[in-house]
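Data block below; observations after.
The values are calculated or read from the model by the stated rules, or taken from the named source; none is laboratory data. Just so you know, these numbers come straight off a predicted model, no measurement behind them. Here the Cβ is made from the backbone with ideal geometry for all residues, glycine too, and neighbour counts use every protein chain on show.
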Amino acid sequence: MPAKFQSQLDEIQTSMNNQNKHLEELNEYIEDQERYSRSFCLRFVRFQEDKGENTTVTLVNFIRDILQGDFDVNEIENLHQIGKFTKGKHRAITARFYSKPIHNEVLQSLYRLKQTKSSMRRLNQNIIGVITIRAF
(Lines give C-alpha, C1' and ligand atoms only; values in the text may rest on other atoms or scores of the structure.)
Protein backbone atom coordinates (compact mmCIF):
# COMPACT_ATOMS: atom_id res chain seq x y z
CA MET A 1 0.00 0.00 0.00
CA PRO A 2 1.42 3.39 -0.90
CA ALA A 3 2.55 5.62 1.93
CA LYS A 4 -0.02 8.29 1.04
CA PHE A 5 -2.93 5.88 1.54
CA GLN A 6 -1.41 4.46 4.71
CA SER A 7 -1.13 7.93 6.26
CA GLN A 8 -4.74 8.72 5.32
CA LEU A 9 -5.86 5.40 6.80
CA ASP A 10 -3.95 6.16 10.01
CA GLU A 11 -5.61 9.59 10.25
CA ILE A 12 -9.05 8.06 9.77
CA GLN A 13 -8.40 5.41 12.43
CA THR A 14 -7.15 8.03 14.88
CA SER A 15 -10.18 10.18 14.19
CA MET A 16 -12.54 7.22 14.69
CA ASN A 17 -10.83 6.30 17.97
CA ASN A 18 -11.22 9.87 19.20
CA GLN A 19 -14.89 9.91 18.18
CA ASN A 20 -15.53 6.60 19.94
CA LYS A 21 -13.86 7.89 23.10
CA HIS A 22 -15.95 11.06 22.95
CA LEU A 23 -19.13 9.00 22.42
CA GLU A 24 -18.36 6.89 25.50
CA GLU A 25 -17.85 10.04 27.58
CA LEU A 26 -21.19 11.45 26.36
CA ASN A 27 -22.99 8.21 27.19
CA GLU A 28 -21.57 8.26 30.72
CA TYR A 29 -22.63 11.90 31.13
CA ILE A 30 -26.17 11.15 29.91
CA GLU A 31 -26.44 8.19 32.25
CA ASP A 32 -25.33 10.36 35.19
CA GLN A 33 -27.91 13.01 34.29
CA GLU A 34 -30.68 10.43 34.00
CA ARG A 35 -29.75 8.89 37.34
CA TYR A 36 -29.77 12.35 38.96
CA SER A 37 -33.15 13.09 37.41
CA ARG A 38 -34.63 9.82 38.65
CA SER A 39 -33.46 10.55 42.17
CA PHE A 40 -36.26 13.11 42.51
CA CYS A 41 -38.99 10.66 41.42
CA LEU A 42 -41.24 8.30 43.33
CA ARG A 43 -43.66 5.75 41.94
CA PHE A 44 -46.91 5.29 43.82
CA VAL A 45 -48.84 2.08 43.25
CA ARG A 46 -52.29 0.66 44.11
CA PHE A 47 -54.24 3.88 43.81
CA GLN A 48 -57.97 3.46 43.24
CA GLU A 49 -59.09 5.80 40.51
CA ASP A 50 -62.19 6.73 38.59
CA LYS A 51 -62.21 7.82 34.97
CA GLY A 52 -61.63 11.56 34.73
CA GLU A 53 -60.40 11.81 38.32
CA ASN A 54 -57.79 14.44 39.13
CA THR A 55 -54.84 12.26 40.09
CA THR A 56 -52.82 15.21 41.36
CA VAL A 57 -55.40 15.98 44.03
CA THR A 58 -55.58 12.30 45.03
CA LEU A 59 -51.81 12.05 45.35
CA VAL A 60 -51.45 15.33 47.25
CA ASN A 61 -54.13 14.21 49.73
CA PHE A 62 -52.34 10.89 50.20
CA ILE A 63 -49.01 12.65 50.82
CA ARG A 64 -50.67 15.03 53.28
CA ASP A 65 -52.00 11.99 55.14
CA ILE A 66 -48.63 10.26 55.41
CA LEU A 67 -46.78 13.47 56.28
CA GLN A 68 -49.55 14.35 58.72
CA GLY A 69 -49.31 17.99 57.85
CA ASP A 70 -49.08 20.50 55.07
CA PHE A 71 -47.92 19.55 51.63
CA ASP A 72 -48.10 22.03 48.80
CA VAL A 73 -49.14 20.82 45.36
CA ASN A 74 -46.36 23.03 43.97
CA GLU A 75 -43.79 20.63 45.43
CA ILE A 76 -44.63 18.23 42.59
CA GLU A 77 -42.92 19.18 39.37
CA ASN A 78 -44.51 16.55 37.17
CA LEU A 79 -46.93 13.69 37.62
CA HIS A 80 -48.16 11.03 35.23
CA GLN A 81 -49.88 7.68 35.29
CA ILE A 82 -48.37 4.55 33.84
CA GLY A 83 -50.46 2.35 31.62
CA LYS A 84 -53.92 2.49 30.14
CA PHE A 85 -57.00 3.12 32.30
CA THR A 86 -58.99 -0.05 32.92
CA LYS A 87 -62.00 0.09 35.20
CA GLY A 88 -61.41 -1.83 38.42
CA LYS A 89 -57.63 -1.97 37.98
CA HIS A 90 -54.88 0.11 39.53
CA ARG A 91 -52.32 2.19 37.66
CA ALA A 92 -49.01 3.39 39.04
CA ILE A 93 -48.38 7.13 39.37
CA THR A 94 -44.90 8.55 38.94
CA ALA A 95 -44.29 11.90 40.60
CA ARG A 96 -41.22 14.09 40.25
CA PHE A 97 -40.58 16.40 43.19
CA TYR A 98 -38.86 19.77 42.95
CA SER A 99 -36.54 19.07 45.86
CA LYS A 100 -34.68 16.09 47.22
CA PRO A 101 -35.58 16.96 50.85
CA ILE A 102 -39.31 16.68 50.07
CA HIS A 103 -38.66 13.41 48.22
CA ASN A 104 -36.78 12.05 51.24
CA GLU A 105 -39.39 13.30 53.70
CA VAL A 106 -42.13 11.43 51.82
CA LEU A 107 -40.02 8.25 51.79
CA GLN A 108 -39.20 8.51 55.51
CA SER A 109 -42.84 9.14 56.35
CA LEU A 110 -43.84 6.10 54.38
CA TYR A 111 -41.27 3.98 56.18
CA ARG A 112 -42.72 5.11 59.51
CA LEU A 113 -46.20 4.38 58.18
CA LYS A 114 -45.22 0.86 57.14
CA GLN A 115 -44.06 0.20 60.70
CA THR A 116 -47.68 0.53 61.85
CA LYS A 117 -49.50 -2.11 59.84
CA SER A 118 -52.95 -0.93 60.91
CA SER A 119 -52.28 2.46 59.31
CA MET A 120 -51.16 0.76 56.14
CA ARG A 121 -54.35 -1.29 55.97
CA ARG A 122 -56.39 1.85 56.56
CA LEU A 123 -54.77 3.63 53.63
CA ASN A 124 -54.60 0.49 51.46
CA GLN A 125 -51.99 2.17 49.29
CA ASN A 126 -48.31 1.64 48.76
CA ILE A 127 -45.30 3.52 47.43
CA ILE A 128 -41.97 2.48 46.00
CA GLY A 129 -38.96 4.44 44.82
CA VAL A 130 -38.33 4.47 41.11
CA ILE A 131 -35.74 1.81 40.41
CA THR A 132 -33.64 1.62 37.32
CA ILE A 133 -32.31 -1.55 35.75
CA ARG A 134 -29.16 0.09 34.41
CA ALA A 135 -25.86 -0.79 35.94
CA PHE A 136 -24.32 2.10 37.79
### Query
What do you reckon, is residue 113 at pLDDT below 80 and either at positive phi or assigned to a helix (DSSP H, G or I) (or both)?
yes
Selection from region 50-90 of residues at pLDDT below 80, surrounded by 12 or more Cβ atoms within 10 Å (Cβ to Cβ) and in contact with a strand residue (DSSP E or B) (Cβ under 6 Å, 6 or more places away or on another chain) yields 90
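Please verify whether residue 63 is part of a helix (DSSP H, G or I) and outside the structural domain of residue 90 (by TED's automatic domain parsing), treating the condition exactly as stated.
On the way: part of a helix (DSSP H, G or I): yes; outside the structural domain of residue 90 (by TED's automatic domain parsing): no.
The answer is no for residue 63.
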